[in-house]
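In what follows, a structure is listed as structure tokens, so that the remarks can point back to it.
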Amino acid sequence: MTNYLQLSNITKTYGHFTALDDVSLSVDKGEFVTFLGPSGSGKTTTLMIIAGFEKASGGTVEIGGQSISQLAPHERNIGIVFQNYALFPHKTAVENVYFPLQMRGVSRVQGLRQAEDMLSLVGLKGFGHRHPKELSGGQQQRVALARALVFEPSLLLLDEPLGALDKNLREQMQIEIKRIQRSLGVTTIFVTHDQSEAMSMSDRIVVFEKGAIEQAAPPLDIYHRPKTSFVAAFIGESNLIPATITSAAAKTAESPTLGAFDYASTDVLTDGQKVTLLIRPEHIKLSRNPIEDRKNVSMVVETIVNYGDNALVIGRAGDIPMRVRVLGADVVIIREGEECYINWTPDAVFVITR
Amino acid sequence: MGMSLSKLTEKTNIWPWLLLAPLGIYMLIFFVVPLAEVAIMSFTEPKVSLANYQKVLTGALYQRVFLNTFMTAAFVTLCCLLVGYPLAYLMAHSKPRTAMLILLLVTMSFWTSFLVRTYSWMVLLGNNGPLIAFLQMMGVDKPPQLLFTRFSSTLAMVHILAPYMIMNIYTVMKKIDPALIRSAESLGARGWSLFRHVYLPLTAPGIANGSVLVFVICLGFYVTPVLLGSPREQMIAGLIGHQIEEFLAFGLGSAMAIILLVVTLIILTIYHRRFGLDKLWG
């Protein structure tokens, strides 16, 4: 681990309001890290502190072992793609990309050539002479990306750059950004509130909530082994069941409404500990009758949402709302208002202690 | 519902025209008709010919006054820009209280009748005024003549027209997306280079708007140059007034007015082609 970017104990307060509370994080060189969280969770504030537009109330930011906390934004050599791209409307695409080189004293001839090369890399060969308003949203996005990368920044920051694009373009840009980031090997921080974007693009996801980091882990770890019920609820769909550990040795828990549970988690737990049990909707099966060797619970079906290839069955087991994801073909066995059984194996149950 | 709506739009609706009628009639009687009369007079007084235009376009005096008018208007515009740009910047980027105060001062000066403002300059710059008294107190034996000079009329015109410049530039500055400035900073720009390559070009539309407005108003300025300016440095509007009031040369005066109008329209057309006239008022 090289700890290329190091945030240490970053705190940010506005009067009595604490926007960031003791945030520490290290990022490896070349890593693609996503800051994920609801609005107001502190992810953008952290980004702005790294960029130098906000001053931290406490803590330090280091890149490659050098503290940059005291540097002005223009001295930090960080490439940023803003939410609305922030392209200069009076400059053409290629002039926009040339701008950071111009500021670094690169000659016009050489700078424009470099800018053209960068535009080709982002797939905009031949669009250099156009002004931003003559480009589509996706193209503007690419120009902004090229501009943030052309001066070989020590860090690339992306502030919800895909928010304004429609779904198809968004997916296309996700792949593009990933491709360009890999080919240049630039360390990247990507801010988003879109969890599927975070899942598909990141080497690591950092989940923010209320000015603090809830969990920082690779996408699949975040999904399958969330540390807190907030992370479990925020990423993907989840069924969260309050329970008490009855025997840590036998790996059993008890829910007041759903009864005894077996779980497979290897965490160290103690008898009588209050926990939350997480079961993802796709790990639950739906059946007419109880199935052997599985935990069976009776559920009243309230709503069925069909997506064609799959369906979401929403119902209630006792007083606990449950979501079950079933294959499209399986959904024909039940109707709304009917009672059926939902069941799962101990492997599907993940214990969250916070 | 949909039916009645489409009916409403399909039928030629007379109401909007009726509502426009009072204004239209007013403009017709008090603007179009007199203007047409001026245009006709320029060709018919004292007899039907192009003599008036020939005289205005070839006569040395008239050429000099026209040139003087354009030079003055250009100079006043430049001064307004030099005074107005920093002030607009302060308004757009200082704390709300300070910005409010400057805005208040600018608009107050804007709302005060320009006749009143012209007279106050006469008081301030006159031979018995405070400025001359101050200079004498400082030991200047022969204080320079301030009033009735090109200096006094230019100063007053800049004062009167600066708010147009300030408000136009201010509006544009206020609309600049702060992300653009941040993004320029993140790309390595600061200070002068940030201003020259990003801020100034972004405010250029405001500069163009303000300049055209000030320049065009200044071209036809009458009261201030007549009351404050040097009699030897007349501007075109003053000369037109002179022709009509003193020499009763209606034809000549009208020809000059029409030429001024045409030149103004040409400037506005060029501006419209480049920026769009609708943006002139913010």
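The values are calculated or read from the model by the stated rules, or taken from the named source; none is laboratory data. Source: prediction; values computed, not measured. Backbone-built Cβ (ideal geometry, glycine too); neighbour counts: all protein chains shown.
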Exercise. Could you tell me which numbered condition A:A146 fails, if it satisfies all but one of (1) under 23 Å from B:P178 (Cβ atoms); (2) in contact (Cβ under 8 Å) with a residue 60 or more places away in the chain; (3) more than 19 Å from the chain's Cα centre (by Cα)?
Key: (2)
Practice problem: Answer with yes or no whether B:I176 is aliphatic (A, V, I, L, M) and either touching a strand residue (DSSP E or B) at 6+ places or on another chain (Cβ under 9 Å) or under 15 Å from B:A92 (Cβ atoms) (or both). | Solution: yes
Practice problem: Determine which single condition A:D309 fails, assuming it passes every other condition in (1) in contact with a helix residue (DSSP H, G or I) (Cβ under 6 Å, 6 or more places away or on another chain); (2) of a type outside the set (S, T, N, Q); (3) buried (at least 16 other Cβ atoms within 10 Å of the Cβ). | Solution: (3)
Quiz prompt | Lone qualifier among A:F230, A:F208 - being modelled with pLDDT of 90 or more, closer than 23 Å to A:T11 by Cβ and not in a strand (DSSP E or B) | solution = A:F230
Self-check item: Subset of segment B:140-163 (residues that are surrounded by fewer than 23 Cβ atoms within 10 Å (Cβ to Cβ) and either closer than 24 Å to B:A88 by Cβ or within 14 Å of another protein chain (Cβ to nearest Cβ) (or both))
Solution: B:T154, B:L155, B:V158, B:H159, B:P163
Quiz item: Looking at segment A:165-178, is at least one residue surrounded by 22 or more Cβ atoms within 10 Å (Cβ to Cβ) and either out of contact with any Pro (no Cβ under 6 Å at 6 or more places or on another chain) or assigned to a strand (DSSP E or B) (or both)?
Solution: yes
Quiz prompt | Members of segment B:58-71 that are in contact (Cβ under 8 Å) with a residue 12 or more places away in the chain and either out of contact with any helix residue (DSSP H, G or I) (no Cβ under 7 Å at 6 or more places or on another chain) or not in a helix (DSSP H, G or I) (or both) | solution = B:N68, B:F70
Exercise. For A:S265, indicate whether it is of a type in the set (S, T, N, Q) and either surrounded by fewer than 12 Cβ atoms within 10 Å (Cβ to Cβ) or under 28 Å from the mean Cα position of the chain (by Cα) (or both).
Key: yes
Practice problem: All but one of (1) farther than 25 Å from B:L161 by Cα; (2) buried (at least 16 other Cβ atoms within 10 Å of the Cβ); (3) not small (G, A, S) hold for B:L28, so report the exception by its number. | Solution: (2)
Quiz item: Which condition breaks for A:L158 when tested against (1) surrounded by 22 or more Cβ atoms within 10 Å (Cβ to Cβ); (2) more than 28 Å from A:T46 (Cβ to Cβ)?
Solution: (2)
Self-check item: strands (runs of 3 or more DSSP E) enclosed by segment A:240-338 - at least 3 residues per element that are touching a residue at least 12 places away in the same chain (Cβ under 8 Å)
Solution: A:259-262, A:274-279, A:285-287, A:295-306, A:310-317, A:320-327
Quiz item: Any residue in segment A:120-132 that is in the same structural domain as A:V61 (by TED's automatic domain parsing), within 19 Å of B:G188 (Cβ to Cβ), surrounded by fewer than 23 Cβ atoms within 10 Å (Cβ to Cβ) and out of contact with any helix residue (DSSP H, G or I) (no Cβ under 6 Å at 6 or more places or on another chain)?
Solution: no
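Name the residue, out of A:A115, A:A72, that is within 14 Å of chain B (Cβ to nearest Cβ), loosely packed, with under 14 Cβ neighbours inside 10 Å and of a type outside the set (D, E, K, R).
A:A72
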Quiz prompt | Residues (farther than 24 Å from A:S39 by Cα and not β-branched (V, I, T)) located in segment A:179-191 | solution = A:R179, A:Q181, A:R182, A:S183, A:L184, A:G185
Quiz item: Within the set of pairs 6+ apart or on separate chains, which have a first residue in segment A:86-98 that is facing another protein chain (nearest Cβ under 7 Å) and in contact (Cβ under 8 Å) with a residue 40 or more places away in the chain, a second that is among the polar types (S, T, N, Q) and not in a loop (DSSP other than H, G, I, E, B), and C-beta atoms under 7 Å apart?
Solution: A:A86/B:S183; A:F88/A:N96
Exercise. Provide a single number: the residues in segment B:31-50 that are free of Cβ contacts under 8 Å to residues at least 12 places away in the same chain, of a type in the set (G, A, S) and either surrounded by 12 or more Cβ atoms within 10 Å (Cβ to Cβ) or in contact with a strand residue (DSSP E or B) (Cβ under 6 Å, 6 or more places away or on another chain) (or both).
Key: 1
Exercise. Report, by residue number, each residue of segment B:91-139 that is outside any helix (DSSP H, G or I), modelled with pLDDT under 90 and exposed (fewer than 15 other Cβ atoms within 10 Å of the Cβ).
Key: B:T112, B:S113, B:N127, B:N128, B:M138, B:G139
Quiz item: How about segment A:128-149: which of its residues are closer than 15 Å to A:H90 by Cβ, touching a Phe, Trp or Tyr at 6+ places or on another chain (Cβ under 8 Å) and away from chain B (no Cβ under 14 Å)?
Solution: A:L135
Quiz item: What's the number of the condition B:V76 fails, among (1) surrounded by 15 or more Cβ atoms within 10 Å (Cβ to Cβ); (2) over 18 Å from B:E233 (Cα atoms)?
Solution: (2)
Quiz item: What are the residues in segment A:43-65 that are over 25 Å from the mean Cα position of the chain (by Cα) and closer than 22 Å to A:L184 by Cα, if any?
Solution: A:G65
Exercise. Please find, among A:E134, A:E152, the residue that is more than 28 Å from the chain's Cα centre (by Cα), farther than 20 Å from B:I181 by Cβ and acidic (D, E).
Key: A:E134
Quiz item: Restricting segment B:168-186 to residues that are surrounded by 23 or more Cβ atoms within 10 Å (Cβ to Cβ) and more than 7 Å from chain A (Cβ to nearest Cβ), which is nearest to A:P161 (Cα to Cα)?
Solution: B:A184
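Each row is one residue, and each column tells you yes or no for (1) over 18 Å from A:T345 (Cβ atoms); (2) assigned by TED's automatic domain parsing to the domain that holds A:G211.
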site	(1), (2)
A:P226	yes, yes
A:I245	yes, no
A:K251	no, no
A:S265	no, no
A:L286	no, no
A:N289	no, no
A:I304	yes, no
Self-check item: Flag if A:A148 is surrounded by 21 or more Cβ atoms within 10 Å (Cβ to Cβ), under 27 Å from A:L47 (Cα atoms) and in the same structural domain as A:P38 (by TED's automatic domain parsing)
Solution: yes
